[in-house]
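Shown next, in structure tokens, is the structure this report addresses.
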Amino acid sequence: MSEKIKILIVDDHQLIIEGILSYLKDINNLEIETTNSCDEAFTKIKVALTETPFQILFTDLSFDNADGKSKLDSGESLIKAIRAENIAIKIGVITGHSETNRIFNVVQNLTPSAYLLKGKCNTNELNFAIQKMLSGEVYFTHEIHQKLLKRSLVEIQMDEVAIQILKELPNHPKISNLEGVITKGDGSFLKIRSIENKLAKLRTDLQANNNTDLVLKAKELGILD
Amino acid sequence: MRFLFYFIFFINFIFGQQTDPVKLDVYKNEFVKNGLKSFFAKDTEGVVKSTDKLLKLYKKNKDSMVFAKYFQYKAMYYELKYRNDSAFYYYNQSKNISKVIGDSLEVGRRLLSIAFLQRKSKDFLGSEISSIEALLYLEPIEESKFLERIHNNLGLVSDELNQEKEALIHYDKALFYNQNNNNNEGFLYTINNIGLLYQQENKHKKAITYFKKGLAFDNIKIKYPVQYALLLENIAFSSYSLDTKEKVLEKYREVLEIRKKYKEDNELPTTHLNIANYYNDKKQLTKAKHHAIEALKYAKQTHNNKRWLEALELLSQLTTGTQSKTYLQEYITLNDSLVQQERRLKNQFAKIRYETDKKEKENTFLKGENEKKQAEITYHKQQTTIGWLASAASILLFVMSVSFFTFRRKKLLYQAQLQKAQVRERERKQIAKSLHDEVAGDLRLLHRKLEKSQLLEEAQKLEEVKENVRNLSHQLSSVSFKKVNFVDQIINLVSDYFSPNFIIRVHHLKEIDWEQTNSSIKRLLYLSIRESIQNCLKHAEASKIDINFSVHKKLVHLNISDNGIGFDTETSKKGIGLQNIEERVEELHGKLTITSEKGKGTNTSIQVPLNV
């Protein structure tokens, strides 16, 4: 723990910054700087590059304090600017935005290393996220993860058959037992081959390694209790 | 001597009618052959039969050649009947048809027949003209057989017109052509004619050399008895004129025998007259009278007018008193009538010829006139067609311009509506911005104050209000609308509402090219889906929504149906959200239909024209 982890936090609300700082004070070896505007954050990052660069940036998405003079008026534009200059820094999003569209847009286009929600994060989660980010992994808080999964469910046109299979899967030790349980829209039973095909498709679409993993994802989605 | 060439004439005439190897079909050949046979045998009925057959054949195959032959046979029939004017008319018709079909040989042959007929009727000038015309047709095709006959005819005519030199030239030409075709009869005939020419000029010695040349012909007595008789008679006549009286009578008698044998009835009067003249010179009047009466009989029978007159003249000399007077009277009457007849015939020939020419001229004139008329009609037709085309084109142009302007107007209108929609969007954005900046800013200030005064509970509530305002502002503006593509946007939207207990399925979303679709339309579809889902969640108690996209006939169709409780479309009021949607749909010239029934779910259908 000789070297400190250099972190920059950007949020338009000082209160939020204070809150985050209060969560982070329990974590050792952190060197934290804060700012309220994206432009300033970008300058700080660039300046730091000459000496000790920031390793992690936590930013909000929407900045209410941005006005006509601001070059970067949102978390998204800040991230884009950093990406454009190929600066080596792990970026985490801490925001209140949980609409799928915004999440999807950010995750898809800006590929942040972490996505946390203001109202729900705590010291543990922040610490966990920082560790993950530093090790090059990605951490999305549960709700975000759930939303993205649900989105892929919609995209693959999750139908009643798929939901039935996911619901019945934990109740049967063998897949062959599912035959005679899963019904089609017209009430007839689904053949074992069709069930297996459907499972395979679900595993690919939900990025599950095996059927157990699939059950876990289904639980995450709230399909299973 | 003049008597003789009447004799000659007939032979000549027969030659003119001879058949030739024309390619006719079997029937035609047969009829033509039979007809010619009948004609030479002077079998009128046979000729009539062949004529009828040819007419029937013509009616069957409409062959102009057969029709020409039919006229020729009709002419031959009249010739046998001594009706020269009718014969002339039909030969002329036949000739004209052959002329039309371009059969030079037939034209030449008919002209030859006409020339003979004219000479026979003493229309020598006409005969000469016809002969020369025949030459025009026959010379190019080098028909030596007929060319020989034409020159013979021309020789006879020239002789008749007292142009002896020219007559000789023609006979020479006839002999020249004769060399090419090995026609012995023709040769003998020409020799005889040359002899006759000298005989007429009283150069009897010279004439006799020619007649002798003819008579010296190999086996003439057996091979060509008719020619032999002719030559024999003529040599007898010349010898008699030279006062070489010996064997004259014997020769005449031999000629008589031969002619009776070969039924050359029309030549009999000539011989009888010669004999009568001989006896008259010898003052044997009874014998002379007998032969003159014989001559008269045969002349009457064969319509040999010349000999008839001569016989009458001789008889009036040989008889005395009232009998002589009667013969003389008869002679005068006949002569007058014959002169008149000849004149009439000449006139008639000329008339027929003139009329034919006139008709031809008229025909060409009418043809020209017809062509002119035809051209005029075609011109008029073309004009009408052009007129129709022009009017059709102008109508088309008019319709096109009208539709073009309507189309343009529609497009402009649509664009104006789009602009309106865009302006509205901008307005919304501004409202959102002011909501965000001003209202939210004020709220934030208030929030801080509350926090400072330790009113945390109120601060919490205010935070919620602020969050709501923020959400509202985000909904109003479509901040991230352009950043994410439409398909993802719809999926994101649906994902926000999706749950295992509320299944939303989207169909055919990815099959449509949304890049080309106007953003106002996309915004409308997005908002419609959100509104429908929200309504469904709030009121319908549905567990399933199906969202269906399709493009059909330049229209985007959006169909949203749920399995909820439905509602009565007539009694229920529309919410603000739905009213907003309706407004947007109208702006884009679309159609919104909501059908629902209690217990049967709700179906919302939107149709919007794609980029008009």
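The values are calculated or read from the model by the stated rules, or taken from the named source; none is laboratory data. No experiment lies behind these values; they were computed from the predicted model shown. As a convention, Cβ positions derive from the backbone with ideal geometry for all residues, glycine included, and neighbour counts pool all protein chains shown.
Exactly one residue out of B:K554, B:K510, B:K538 is surrounded by fewer than 17 Cβ atoms within 10 Å (Cβ to Cβ) and within 60 Å of the chain's Cα centre (by Cα): that is B:K554.
Could you go through region B:412-421 and let me know if any residue there is hydroxyl-bearing (S, T, Y) and modelled with pLDDT of 90 or more. No: zero hits. Out of everything in region A:134-147 that is hydrophobic (A, V, I, L, M, F, W, C) and surrounded by fewer than 19 Cβ atoms within 10 Å (Cβ to Cβ), what residue ends up being nearest to the other protein chains (Cβ to nearest Cβ)? Step by step, filter region A:134-147, then rank; the result is A:V138.
For region B:264-273, taking the residues that are surrounded by 24 or more Cβ atoms within 10 Å (Cβ to Cβ) and farther than 14 Å from B:L309 by Cα, the one that is farthest from the chain's Cα centre (by Cα) is identified as B:T271.
Output yes when any residue across region A:19-32 is within 14 Å of chain B (Cβ to nearest Cβ) and either closer than 30 Å to A:E155 by Cβ or not in a loop (DSSP other than H, G, I, E, B) (or both), and no when none is. The answer is yes, given that some residue of region A:19-32 is within 14 Å of chain B (Cβ to nearest Cβ) and either closer than 30 Å to A:E155 by Cβ or not in a loop (DSSP other than H, G, I, E, B) (or both).
Conditions tested, residue by residue: (1) in contact with a Ser or Thr (Cβ under 9 Å, 6 or more places away or on another chain); (2) of a type in the set (K, R); (3) surrounded by fewer than 11 Cβ atoms within 10 Å (Cβ to Cβ); (4) not assigned by TED's automatic domain parsing to the domain that holds B:D123.
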site: B:K359; (1), (2), (3), (4): no, yes, no, yes
site: B:E371; (1), (2), (3), (4): no, no, yes, yes
site: B:F398; (1), (2), (3), (4): no, no, yes, yes
site: B:F407; (1), (2), (3), (4): no, no, no, yes
site: B:K420; (1), (2), (3), (4): no, yes, no, yes
site: B:V439; (1), (2), (3), (4): yes, no, no, yes
site: B:H447; (1), (2), (3), (4): no, no, no, yes
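Scanning region B:489-503 for residues that are more than 7 Å from chain A (Cβ to nearest Cβ) and not in a helix (DSSP H, G or I) yields B:N501, B:F502. Counted as qualifying within region B:149-255 are the helices (runs of 4 or more DSSP H) with 3 or more residues that are of a type in the set (K, R) and either free of Cβ contacts under 8 Å to residues at least 60 places away in the same chain or under 30 Å from B:I132 (Cα atoms) (or both), namely B:204-215. Selection of region A:148-163 for residues being at the interface with chain B (Cβ under 10 Å from one of its Cβ atoms) and not in a loop (DSSP other than H, G, I, E, B) yields A:L148, A:L149, A:K150, A:R151, A:S152, A:L153, A:V154, A:E155, A:E160, A:A162, A:I163. Among the residues of this structure, A:N127 does not count as one that is within 14 Å of chain B (Cβ to nearest Cβ), in a helix (DSSP H, G or I) and not β-branched (V, I, T). Flag: B:D437 does not match the condition of being out of contact with any His (no Cβ under 9 Å at 6 or more places or on another chain), over 26 Å from B:W514 (Cα atoms), among the acidic types (D, E) and at pLDDT 75 or above. Output the residue which, of all residues in region A:70-87 that are part of a loop (DSSP other than H, G, I, E, B) and either within 14 Å of chain B (Cβ to nearest Cβ) or in contact with a strand residue (DSSP E or B) (Cβ under 6 Å, 6 or more places away or on another chain) (or both), is surrounded by the most Cβ atoms within 10 Å (Cβ to Cβ). Per the criteria, the residue is A:D73. Screening B:N184 on (1) at pLDDT 85 or above; (2) under 26 Å from B:E257 (Cβ atoms); (3) among the polar types (S, T, N, Q) shows it passes everything except condition (1). Selection of region B:590-612 for residues being at positive phi and hydroxyl-bearing (S, T, Y) yields an empty set.
Going through (1) under 16 Å from A:I91 (Cα atoms); (2) within 14 Å of another protein chain (Cβ to nearest Cβ); (3) of a type in the set (G, A, S) one by one, A:A41 falls short only on (2).
Counting only residues that are of a type outside the set (A, V, I, L, M), touching a residue at least 24 places away in the same chain (Cβ under 8 Å), outside any helix (DSSP H, G or I) and under 23 Å from B:Q422 (Cβ atoms), region B:555-597 holds 2 of them.
When the residues of region A:166-200 are filtered to those that are within 12 Å of another protein chain (Cβ to nearest Cβ) and not in a loop (DSSP other than H, G, I, E, B), which remaining residue is surrounded by the most Cβ atoms within 10 Å (Cβ to Cβ)? It comes out as A:L166. Restricting attention to region B:95-110, the residues that are farther than 12 Å from B:E143 by Cβ and in a helix (DSSP H, G or I) total 8. When region A:201-225 is filtered for residues that are modelled with pLDDT under 80 and within 14 Å of chain B (Cβ to nearest Cβ), the ones remaining, listed by number, are A:D205, A:L206, A:K217, A:A218, A:K219, A:E220, A:L221, A:G222, A:I223, A:L224, A:D225. Just one of (1) within 13 Å of chain A (Cβ to nearest Cβ); (2) modelled with pLDDT under 85 fails for B:S520. It is (1). In region A:1-54, the qualifying residues are those that are surrounded by fewer than 17 Cβ atoms within 10 Å (Cβ to Cβ) and among the acidic types (D, E), and the one that is nearest to B:L443 (Cα to Cα) is A:E18. Of all residues in region A:88-110, those that are assigned to a loop (DSSP other than H, G, I, E, B) and either away from chain B (no Cβ under 14 Å) or under 15 Å from A:N36 (Cα atoms) (or both) total 2.
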